[in-house]
Amino acid sequence: MTRESADGDPPRGRDVATDGGVEDVALDPWGSAAVSDYRKLFEQFGIEEFEEILGDVPAPHYLMRRSVIFGHRDYRRVLDAMANDDPFAVLSGFMPTGDPHIGHKLVFDEIIWHQQQGGDAYGLIADLEAHSARGLSWSEIDEHARNYILSLLALGFDPEEGTLYRQSTNREVQDLAFELGIEANFSELEAIYDFDGETDVSHMQSVVTQMADILYPQLDEPKPTVIPVGPDQDPHVRLARDLAARVRYFGVTEAYASFGLDPDERPVLAEAYETLTERHPDDTIRCSDAGTYLENQREAGATDVTATTLDGLITMCNEAGKEPLRPRIRFIDRNATEAAFEGLIEAIDGEKRVYDEHIDAFELDHEEAEALAREVELEHDGYGFLPPSSIYHRFMTGLTGGKMSSSIPASHISLLDDPEDGYDKVKSATTGGRETAEEQRELGGKPDECPVYELYTYLLAGDDDEFAAEVYEECANGERLCGGCKEQAAELIEDFLEDHQEKREEWEEKLDELDISFDTGR
Ligand code: TRP
Ligand code: SF4
């Protein structure tokens, strides 16, 4: 797995963004074809396809419509909050390692869009990470931090409604990072991030700080939170989701008897319970009955459950003997205080059974139980975190082909570039065009392999889907030639940069009014 990503760059050591090979050039402007490059992420890491939930997004952002945002984890939770006017949040962070460029603009736009949909919005400067993982000096960091914030504001972030902060000066984030660090150990960071004995401690601290960043919007009150990032940040998201669960006071699961079940055992026993209840609706079903039933299944070879799972389950059922088999909700004590445990016992209505480290409730469904556990946790000073959600955007291809990288100036357009330099960079960009104009007219260009086309869809076409479609079609059918196409794009980027930089200047004057400091004095 990757180390810290370059800001907005494809991850090193993994080839999610660069393995190209888009074969089927359908006449589809925001080509789902290009998303196939990312298929590995779905299969290997369990990232879900954004397309499947696109229909449920109210007035989706153009980056969503064009499949630039291609994946997510648990984003439905955020959509539900949006639909019900419940509180939700959006947060992302930026390592101030250089100038903000058009790759970062994607994330700025995602934060701003969620803010406009009513979310609590957070933008943070990952200065601790930049200092420890990238070795930048504090004066460099201060300067870059200021530039990121100015661009975020110039693109429409509302600082009155939202929150901007730096990791290094946010005491609450530091405290939360410390608490979360208690739940993560070195072996785990080693496995996730390839850390080893040479990794410095501050780098590890910057990881728990990012965990705290991700959960920070929930510090006052648990709420669905979306983290818009590149897929290289997914390991962080997964760890944050794990830690959010590990600091919870209670785990809520389903059980059938006094003994506990693994996730692979639960459905097997559930099936046994259901079959037996159907067969003997008036009898008490006992654990030993389930043991016998499963033994019979094993002998008849009538199950595809693994032998160890089945054997273990049979042993437990037989040992529990005459104990009745009854579905129940189990609250497991993970980190609860004694008072919280007592509080939960009292709060459970109806029949319940209390054990040393868990409580079984017989008259609650799973959802009610989750809500109750969170309520009691919050009453007793717990966090009650919801697992954070994420959305993932594709990386932009560099203007020179290859990857877009902060360290190769010609590959990207900085938001601080002189508009004329922006114009020139586009004019000298690599294209998906043919060798000669004649050939291009005959065969059409290859917009799916063209960084200039990407520029149109990711940025220049803005909200205008028709314009983006037009560029695609005209290119693919040979009406559009690269010279004119690049001229148009170059002019548009020049205009964009001029406008953006004007807005930056306006904000520059108001920057003192914000309560974020760009002089750490370190
Ligand atoms: N690690 C991120 C990067 O490399 C920056 C970051 C820090 C971040 N905290 C975050 C991103 C919280 C998203 C959410 O760019
Ligand atoms: Fe790219 Fe435009 Fe040339 Fe098509 S015409 S290959 S979109 S530069």
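Criterion applied to PHE94, PHE108, PHE42, PHE50 was being at pLDDT below 95 and open to solvent by less than 60 Å² (accessible area, probe 1.4 Å), and the one residue passing it is PHE42.
Quick one: is SER428 crowded, with 20+ Cβ neighbours inside 10 Å and without any contact (Cβ under 8 Å) to a residue 40 or more places away in the chain?
No; evaluated as a whole, the condition is false for this residue.
Scanning segment 171-217 for residues that are in contact (Cβ under 8 Å) with a residue 12 or more places away in the chain and among the polar types (S, T, N, Q) turns up GLN174, SER202, GLN205, SER206, THR209, GLN210.
Take LEU443 and decide whether it is in contact with a Gly (Cβ under 7 Å, 6 or more places away or on another chain) and either away from ligand 1 (no atom under 16 Å from the Cβ) or among the hydrophobic types (A, V, I, L, M, F, W, C) (or both). Give the steps one after another, and end with the answer.
On the way: in contact with a Gly (Cβ under 7 Å, 6 or more places away or on another chain): yes; either away from ligand 1 (no atom under 16 Å from the Cβ) or among the hydrophobic types (A, V, I, L, M, F, W, C) (or both): yes.
Considered against the rule, which asks whether it is in contact with a Gly (Cβ under 7 Å, 6 or more places away or on another chain) and either away from ligand 1 (no atom under 16 Å from the Cβ) or among the hydrophobic types (A, V, I, L, M, F, W, C) (or both), LEU443 comes out as yes.
Could you list, in sequence order, all residues of segment 105-142 that are of a type in the set (Ser, Thr, Tyr) and over 23 Å from ASP515 (Cβ atoms)?
Restricting attention to segment 105-142, the residues satisfying the condition of being of a type in the set (Ser, Thr, Tyr) are 122, 132, 137, 139.
Scanning segment 105-142 gives SER132, SER137.
From the list ILE493, ILE391, ILE413, the lone residue that is within 16 Å of ligand 1 (Cβ to nearest atom) and of a type in the set (Val, Ile, Thr) is ILE391.
Taking segment 466-482 as the region of interest, how many residues are of a type outside the set (D, E, K, R), more than 8 Å from ligand 2 (Cβ to nearest atom) and either open to solvent by 50 Å² or more (accessible area, probe 1.4 Å) or within 32 Å of the chain's Cα centre (by Cα) (or both)?
Here is the first cut: in segment 466-482, the residues of a type outside the set (D, E, K, R) are 467-469, 471-472, 475-478, 481-482.
Checking which are more than 8 Å from ligand 2 (Cβ to nearest atom) leaves us with 467-469, 477-478.
Restricting the remaining residues to those that are either open to solvent by 50 Å² or more (accessible area, probe 1.4 Å) or within 32 Å of the chain's Cα centre (by Cα) (or both) gives 467-469, 477.
Residues in segment 466-482 being of a type outside the set (D, E, K, R), more than 8 Å from ligand 2 (Cβ to nearest atom) and either open to solvent by 50 Å² or more (accessible area, probe 1.4 Å) or within 32 Å of the chain's Cα centre (by Cα) (or both): 4 in total.
For segment 264-284, the criterion of a residue being open to solvent by less than 10 Å² (accessible area, probe 1.4 Å), within 16 Å of ligand 1 (Cβ to nearest atom) and not in a loop (DSSP other than H, G, I, E, B) is satisfied by no position.
Is there a residue being open to solvent by 30 Å² or more (accessible area, probe 1.4 Å), among the aromatic types (Phe, Trp, Tyr) and farther than 22 Å from MET396 by Cβ anywhere in segment 496-503? Working first, answer last.
First, the residues of segment 496-503 that are open to solvent by 30 Å² or more (accessible area, probe 1.4 Å): 496, 498-499, 501-503.
Retained after the next criterion (residues that are among the aromatic types (Phe, Trp, Tyr)): 496.
If we keep only those that are farther than 22 Å from MET396 by Cβ too, we end up with none.
Taking every residue of segment 496-503 in turn, none turns out to be open to solvent by 30 Å² or more (accessible area, probe 1.4 Å), among the aromatic types (Phe, Trp, Tyr) and farther than 22 Å from MET396 by Cβ.
A single entry from LEU219, LEU152, LEU128, LEU124 fulfils the requirement of being among the aliphatic types (A, V, I, L, M), farther than 26 Å from LYS105 by Cβ and at pLDDT 95 or above: LEU219. Restricting attention to segment 182-211 and to residues that are over 20 Å from the mean Cα position of the chain (by Cα) and open to solvent by less than 30 Å² (accessible area, probe 1.4 Å), the residue that is nearest to ALA83 (Cα to Cα) turns out to be HIS203. So, ARG238, is that one surrounded by fewer than 22 Cβ atoms within 10 Å (Cβ to Cβ), of a type in the set (Lys, Arg) and either in the same structural domain as HIS114 (by TED's automatic domain parsing) or not in a helix (DSSP H, G or I) (or both) or not? Criteria met by ARG238. Residue count for segment 212-230 under the criterion of being assigned to a strand (DSSP E or B), open to solvent by less than 10 Å² (accessible area, probe 1.4 Å) and either of a type in the set (Val, Ile, Thr) or more than 10 Å from ligand 1 (Cβ to nearest atom) (or both): the result is 3. Inside segment 185-211, residues that are of a type in the set (Phe, Trp, Tyr) and outside any helix (DSSP H, G or I) make up a count of 1.
Do we have any residue at all in segment 357-378 that's more than 16 Å from ligand 2 (Cβ to nearest atom), in a loop (DSSP other than H, G, I, E, B), charged (D, E, K, R) and under 27 Å from GLN501 (Cβ atoms)?
From segment 357-378, those more than 16 Å from ligand 2 (Cβ to nearest atom) are 357-378; that's our starting set.
With in a loop (DSSP other than H, G, I, E, B) added as a condition, the list becomes 357, 362-365.
Subset that is charged (D, E, K, R): 357, 363, 365.
Among the residues that remain, those that are also under 27 Å from GLN501 (Cβ atoms) are: none.
Looking for residues that are more than 16 Å from ligand 2 (Cβ to nearest atom), in a loop (DSSP other than H, G, I, E, B), charged (D, E, K, R) and under 27 Å from GLN501 (Cβ atoms), one finds none in segment 357-378, hence no.
Scanning segment 367-385 for residues being buried (at least 23 other Cβ atoms within 10 Å of the Cβ) and either closer than 30 Å to LYS40 by Cβ or not hydrophobic (A, V, I, L, M, F, W, C) (or both) gives a total of 2. Against the test of being within 30 Å of LEU41 (Cβ to Cβ) and either over 27 Å from the mean Cα position of the chain (by Cα) or open to solvent by less than 70 Å² (accessible area, probe 1.4 Å) (or both), the options LEU344, LEU415, LEU364 yield a single qualifying residue, LEU415. Residue pairs whose Cβ atoms lie under 6 Å apart, sitting 6 or more positions apart in sequence or on different chains, and linking a residue in segment 467-484 that is within 13 Å of THR457 (Cβ to Cβ) and within 16 Å of ligand 1 (Cβ to nearest atom) to a partner that is at pLDDT 95 or above and among the β-branched types (Val, Ile, Thr), do not occur here.
The values are calculated or read from the model by the stated rules, or taken from the named source; none is laboratory data. Since we're looking at a predicted model, the values are computed, not measured. Cβ atoms come from the backbone with ideal geometry, glycine included; neighbour counts cover every protein chain shown. The area values use the complete protein model at the heavy-atom level, side chains included, leaving out ligands, DNA and RNA. Shrake-Rupley method; radii C 1.70, N 1.55, O 1.52, S 1.80 Å.
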